[in-house]
Amino acid sequence: MQELCQGYLIRIPQCAFLLGMSDKTPDLHAAYALDSPKDHKRLYAEWAGDYDEGFATREDYQLHIHTARAFVGAGGQGPVLDVGAGTGLCGAVLARLGVGPIDATDISAEMLDQAMRKDIYRDAIEADLNEGIPVPRESYSGIVSSGSFTHGHLGPEALTALLRVARPGAQFALSINAQHYEKLGFAEALHRLAQGQIRNLTLPEVRIYGDLASGPNKGDTALIALFERA
Ligand SMILES: C[S@@+](CC[C@H](N)C(=O)[O-])C[C@H]1O[C@@H](n2cnc3c(N)ncnc32)[C@H](O)[C@@H]1O
């Protein structure tokens, strides 16, 4: 891991072998049932190596593509922070669309390790979003997030940490699972922020999976919260 991370600002204190491993292959069902930051670290440590092929390709996952395109369509520019970057699927689309530089942040060191292998991110920042992001305020002109505001994952309280690191005028594109949006009160949280902290909010709805998906969640949708920091 050290060799791979040379030249990047990377803060990854723990090693995979220190984390408890289980025999069960991680999947979306298990991810949706997660509860604590410790659970996230354990599940994603196990899932990191198989996530792109075993989940994203097999389930025809499309949300990262919709999110990156929506960001660019709204005029988003770098430097960008990819929040809950995982293995870097959203960052890879952004890079193909000509956006950069891109930093990745995630609670899972193993997911960030996979992301850095794609050779598209400038820095990897290991952080629990609920505790804040260890970078100076107003560091980014764009904030994207795909698939991390969903069941068992991040709620509206994480928006505070994202606004802190965004410059005035920064473009946001945050995908939020549509059921999670309703259940956790994102509408109220965004409405409160629209009183002075954000502007130009739109919420296009997209399908999370493509036509080749076969799992029980194949029809699920997400809202992409597009807005600017005031
Ligand atoms: C479903 S994956 C999405 C990854 C990627 N953005 C994508 O679209 O494929 C959710 C990611 O959120 C991260 N995550 C979950 N809870 C987090 C937290 N509290 N802080 C930071 N990242 C978190 C997980 O480690 C995981 O990489």
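The values are calculated or read from the model by the stated rules, or taken from the named source; none is laboratory data. Computed from a predicted structure; not experimentally measured. Heads up, the Cβs are rebuilt from the backbone with ideal geometry, glycines too, and the neighbour counts pull from every protein chain shown.
Being closer than 22 Å to Pro37 by Cα, out of contact with any Cys (no Cβ under 8 Å at 6 or more places or on another chain) and modelled with pLDDT of 95 or more is not true of Ala194. Considering Val99, Val135, the condition of being closer than 17 Å to Gln171 by Cα, part of a loop (DSSP other than H, G, I, E, B), of a type in the set (A, V, I, L, M) and more than 10 Å from the ligand (Cβ to nearest atom) is satisfied by Val99 alone.
Which one of these does Ala166 not meet: (1) within 16 Å of the ligand (Cβ to nearest atom); (2) hydrophobic (A, V, I, L, M, F, W, C); (3) touching a residue at least 60 places away in the same chain (Cβ under 8 Å)? Failing condition for Ala166: (1).
Among the residues in region 134-141, are any of a type in the set (A, V, I, L, M, F, W, C), in contact with a helix residue (DSSP H, G or I) (Cβ under 8 Å, 6 or more places away or on another chain) and surrounded by 21 or more Cβ atoms within 10 Å (Cβ to Cβ)? The answer is no, given that none of the residues of region 134-141 is of a type in the set (A, V, I, L, M, F, W, C), in contact with a helix residue (DSSP H, G or I) (Cβ under 8 Å, 6 or more places away or on another chain) and surrounded by 21 or more Cβ atoms within 10 Å (Cβ to Cβ).
The listed residues are Tyr181, Tyr121, and the only one of them that is closer than 19 Å to Ile65 by Cα and among the aromatic types (Phe, Trp, Tyr) turns out to be Tyr121.
Within the span defined as region 79-87, every residue fails to be more than 12 Å from the ligand (Cβ to nearest atom), at negative phi, surrounded by fewer than 16 Cβ atoms within 10 Å (Cβ to Cβ) and not in a strand (DSSP E or B).
Would you check which residues across region 42-68 are over 13 Å from Asp27 (Cα atoms), surrounded by fewer than 19 Cβ atoms within 10 Å (Cβ to Cβ) and touching a helix residue (DSSP H, G or I) at 6+ places or on another chain (Cβ under 9 Å) and list them? Ile65 - this is the single residue of region 42-68 that is over 13 Å from Asp27 (Cα atoms), surrounded by fewer than 19 Cβ atoms within 10 Å (Cβ to Cβ) and touching a helix residue (DSSP H, G or I) at 6+ places or on another chain (Cβ under 9 Å). Among the criteria (1) part of a helix (DSSP H, G or I); (2) surrounded by 19 or more Cβ atoms within 10 Å (Cβ to Cβ); (3) within 11 Å of the ligand (Cβ to nearest atom); (4) not acidic (Asp, Glu), the one Phe71 does not fulfil is (3). Among all positions in region 25-44, there is at least one residue which is away from the ligand (no atom under 13 Å from the Cβ), out of contact with any Gly (no Cβ under 7 Å at 6 or more places or on another chain) and farther than 15 Å from Ala173 by Cα.
For region 5-60, a tally of residues being at pLDDT below 50, part of a loop (DSSP other than H, G, I, E, B) and under 18 Å from the mean Cα position of the chain (by Cα) returns 2. Against the numbered list (1) under 14 Å from the mean Cα position of the chain (by Cα); (2) farther than 20 Å from Ile224 by Cβ, Ile143 comes up short only at (2).
Filtered by the rule that a residue be more than 9 Å from the ligand (Cβ to nearest atom) and either touching a residue at least 40 places away in the same chain (Cβ under 8 Å) or part of a strand (DSSP E or B) (or both), region 115-132 gives Met116, Arg117, Tyr121, Arg122, Asp123, Ala124, Ile125.
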